[in-house]
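*Asks:* A single structure is presented below for examination.
The values are calculated or read from the model by the stated rules, or taken from the named source; none is laboratory data. Note that the coordinates shown come from a computational prediction; the quantities given were computed from them, not determined experimentally. Cβ coordinates were reconstructed from backbone atoms using ideal geometry, including for glycine residues, and neighbour counts include every protein chain displayed.
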Amino acid sequence: AKAAGQGGFSLYSPDAHERARQRVRLVSDLREALEHNRLELAWQPQFGLDNRRVTGFEALARWQRDDGRPISPAEFIPLAEQSGLIAQLGRWVIDTATAEAKALLQARPELEQARFALNLSPYQLDDSLPKILTDGLAAAGLPAGALEVEITESALFADQERVTETLNAIGSTGVRLAVDDFGTGYSNIARLKLLPIHRLKLDRSLITDLEHDHSDREIVRALLAMAEALGLDVVAEGVETQAQATFLAQAGCPQAQGYLYARPQPLEPLLTWLRG
Ligand code: C2E
Ligand code: CA
Ligand code: CA
Ligand code: CA
């Protein structure tokens, strides 16, 4: 074995070894959590900026390890992608989100017009995905038009041919498509026009400094104008302050999502919150 610190052989250093060990452990815990149905969804409501009415919900995956420690999806989703667990995790999200959306609609029929969004990993975008979605909808008894799938702007521009085929197939099922983390730098209007997209989600990084950053305000105005020209719906993500909400409403942004309004929460507390 090579000594730690010897240039080029850091793979053998105790630190790297320990990190690799922890990763393997995390992957096996994630596999087990999936097998025993121990992941959860948290739902974050979205609101009309003019009237503060709920217009939809986004499902976000949650995982607590056996020791009670929550692991962020920003950590376990990439791990699932790298370890091949993402197909199983993605299917669990689809089946669970459709079932919970149906339960929510049964409890609150007046939310009939609401859209239920879930996040897709680019690794899920293959031939089998449209059927996984329609199977989940059929099992839950949820109409396709109630479901929205979010795919990041960066994923839209990678591997274009395969992505285009899959998104067109999803579009023809009636499921709606939203571009997540929009405005972070990949946009190509010609490509946006070619895809069956319904909605843009303005990335939180554009919203955070709206109050202080003149150029962010101008970028948001320009993106809203572009969305309008393309006939796309828009939701601003990560809205935390009233000043941000006020600017967005005045700029004509139709919807918002963020801690100012509500945090993501599991179905049961969400139902209680909706009754409140
Ligand atoms: P995302 O899809 O961009 O989701 C928005 C993230 O911002 C969520 O973090 C949400 O809890 C958080 N957020 C919402 N409002 C606010 C706010 O006002 N301020 C701030 N600072 N944050 C806010 P979360 O739940 O930790 O998820 C992180 C990322 O993990 C997601 O980013 C998404 O990329 C990924 N992810 C989560 N669930 C899933 C899933 O089921 N499947 C896939 N493929 N990815 C997922
Ligand atoms: Ca999202
Ligand atoms: Ca996002
Ligand atoms: Ca994000």
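*Asks:* Provide a single number: the residues in the range 135-165 that are surrounded by 19 or more Cβ atoms within 10 Å (Cβ to Cβ), assigned to a helix (DSSP H, G or I) and within 16 Å of ligand 4 (Cβ to nearest atom).
*Replies:* Number of matching residues: 3.
*Asks:* Sort through 100, 110 and tell me the only one that's surrounded by 16 or more Cβ atoms within 10 Å (Cβ to Cβ) and more than 16 Å from ligand 3 (Cβ to nearest atom).
*Replies:* Of 100, 110, the one residue that is surrounded by 16 or more Cβ atoms within 10 Å (Cβ to Cβ) and more than 16 Å from ligand 3 (Cβ to nearest atom) is 100.
*Asks:* Right, next: Could you look through the range 186-220, keep only residues that are within 14 Å of ligand 3 (Cβ to nearest atom) and out of contact with any strand residue (DSSP E or B) (no Cβ under 6 Å at 6 or more places or on another chain), and pick out the one that is modelled with the lowest pLDDT?
*Replies:* If we take residues in the range 186-220 being within 14 Å of ligand 3 (Cβ to nearest atom) and out of contact with any strand residue (DSSP E or B) (no Cβ under 6 Å at 6 or more places or on another chain), then 186 is modelled with the lowest pLDDT.
*Asks:* A further question on this structure: With respect to residue 77, is the statement that it is assigned to a helix (DSSP H, G or I) and within 16 Å of ligand 3 (Cβ to nearest atom) true? Break it down into steps so the answer makes sense when it comes.
*Replies:* Working: assigned to a helix (DSSP H, G or I): yes; within 16 Å of ligand 3 (Cβ to nearest atom): yes.
Considered against the rule, which asks whether it is assigned to a helix (DSSP H, G or I) and within 16 Å of ligand 3 (Cβ to nearest atom), residue 77 comes out as yes.
*Asks:* Next question. Taking the conditions exactly as written (at pLDDT 95 or above, touching a Lys or Arg at 6+ places or on another chain (Cβ under 9 Å) and part of a helix (DSSP H, G or I)), does residue 223 satisfy them or not?
*Replies:* no
*Asks:* Filtering the range 34-75 down to residues that are under 15 Å from residue 89 (Cα atoms) and out of contact with any strand residue (DSSP E or B) (no Cβ under 8 Å at 6 or more places or on another chain), which residue is surrounded by the most Cβ atoms within 10 Å (Cβ to Cβ)?
*Replies:* 34
*Asks:* State which residue pairs qualify: first residue under 30 Å from residue 145 (Cα atoms) and inside the range 196-225, second residue charged (D, E, K, R) and surrounded by fewer than 17 Cβ atoms within 10 Å (Cβ to Cβ) in any location, beta carbons under 9 Å apart, and separation of 6 or more residues or different chains.
*Replies:* 204/240; 207/240
*Asks:* Please enumerate the residues belonging to the range 166-180 that are in contact with a helix residue (DSSP H, G or I) (Cβ under 9 Å, 6 or more places away or on another chain), outside any loop (DSSP other than H, G, I, E, B) and either touching a residue at least 40 places away in the same chain (Cβ under 8 Å) or crowded, with 22+ Cβ neighbours inside 10 Å (or both).
*Replies:* 166, 167, 169, 170, 176, 179, 180
*Asks:* Scanning the range 62-112 for residues that are under 15 Å from the mean Cα position of the chain (by Cα) and polar (S, T, N, Q), which turns out nearest to residue 40 (Cα to Cα)?
*Replies:* Restricting to residues being under 15 Å from the mean Cα position of the chain (by Cα) and polar (S, T, N, Q), the top hit is 96.
*Asks:* Among the candidates 159, 95, 126, 135, which residue alone is more than 16 Å from ligand 2 (Cβ to nearest atom), among the acidic types (Asp, Glu) and touching a Pro at 6+ places or on another chain (Cβ under 9 Å)? Break it down stepwise before answering.
*Replies:* Numbers: 95 fails: touching a Pro at 6+ places or on another chain (Cβ under 9 Å); 126 fails: touching a Pro at 6+ places or on another chain (Cβ under 9 Å); 135 fails: touching a Pro at 6+ places or on another chain (Cβ under 9 Å).
On inspection, the qualifying residue turns out to be 159.
*Asks:* Give me the pairs, please: first residue somewhere in the range 137-163 and on the phi > 0 side of the Ramachandran plot, second residue anywhere and within 16 Å of ligand 1 (Cβ to nearest atom) and assigned to a helix (DSSP H, G or I), beta-carbon distance under 8 Å, and either six or more positions apart or on two chains.
*Replies:* Every condition considered, the pairs that remain are 159/122.
*Asks:* Just give me the residues in the range 112-132 being within 18 Å of residue 233 (Cα to Cα) and polar (S, T, N, Q), in sequence order.
*Replies:* Answer for the range 112-132, where residues must be within 18 Å of residue 233 (Cα to Cα) and polar (S, T, N, Q): 113, 119.
*Asks:* Restricting the range 195-220 to residues that are surrounded by fewer than 13 Cβ atoms within 10 Å (Cβ to Cβ) and in a helix (DSSP H, G or I), which is farthest from the chain's Cα centre (by Cα)?
*Replies:* Of everything passing the filter in the range 195-220, 214 is farthest from the chain's Cα centre (by Cα).
*Asks:* Conditions first: (1) part of a helix (DSSP H, G or I); (2) within 16 Å of ligand 1 (Cβ to nearest atom); (3) touching a Gly at 6+ places or on another chain (Cβ under 9 Å). Residue 239 passes all but one, so which condition is the exception?
*Replies:* (1)
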